[in-house]
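Note sheet for the following structure.
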């Protein structure tokens, strides 16, 4: 049988009561990100800055002009976590060399909240890979720090945090 000191039991009780209170008020310190990348069919497509609704509504807002490269829901995040997403295809070229095509991204999630407000941000670097007969052509995408909308248990707010009219790549994020 496990034995605990009274101070440990009091501390555990406080944490449990505090957690139950936060859950009852709809608050949670655990955050998840929903990330979606699109590739426009034609360069220059103008993505909306904000789309409200679920993932299907986000996809519907661009489905005539772009296709999904990836869509993911992260595990619980802590400040300064790095989210690594890799979606690419390797192939043999006509010159018998390997070439790669797709996206390889590293995003940094940060919690910049204070006692009065919730503030979260995302930034990162992606490699856009294009397979050619010469091998892999790589374009690095630098995603500047973007403040995220407040988490909402009622509805999704998809924020475009990067788009490149030249390549047609765009990233959206929603925080839970």
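The values are calculated or read from the model by the stated rules, or taken from the named source; none is laboratory data. These numbers come from a predicted model, not from an experiment. Quick reminder, even Gly has a Cβ in these numbers, built from the backbone with ideal geometry, and neighbours come from all protein chains shown.
Go through the stretch 88-113 residue by residue and tally those that are part of a loop (DSSP other than H, G, I, E, B) and closer than 18 Å to residue 145 by Cα. So the count comes out to 2. Of all residues in the stretch 82-95, those being modelled with pLDDT of 95 or more and farther than 25 Å from residue 166 by Cβ number 1. Remark: residue 141 falls outside the filter, which requires a residue to be under 17 Å from residue 73 (Cα atoms), modelled with pLDDT of 90 or more and either touching a helix residue (DSSP H, G or I) at 6+ places or on another chain (Cβ under 9 Å) or in a strand (DSSP E or B) (or both). Contact map, the stretch 147-160: residues that are outside any loop (DSSP other than H, G, I, E, B) paired with residues that are at pLDDT below 90 and crowded, with 16+ Cβ neighbours inside 10 Å, Cβ distance under 6 Å, separation 6+ or inter-chain. Pairs shown: 157/149; 159/149. As a summary of the residue check, residue 103 satisfies the conditions (1) without any contact (Cβ under 8 Å) to a residue 60 or more places away in the chain; (2) surrounded by 15 or more Cβ atoms within 10 Å (Cβ to Cβ); (3) more than 18 Å from residue 159 (Cα to Cα) except for the one numbered (1).
Residues that are without any contact (Cβ under 8 Å) to a residue 24 or more places away in the chain and either touching a helix residue (DSSP H, G or I) at 6+ places or on another chain (Cβ under 8 Å) or surrounded by 11 or more Cβ atoms within 10 Å (Cβ to Cβ) (or both) within the stretch 73-89 comprise just one, 86. Look at (1) surrounded by 17 or more Cβ atoms within 10 Å (Cβ to Cβ); (2) more than 21 Å from residue 168 (Cα to Cα) and you find that residue 128 fails only one, number (2).
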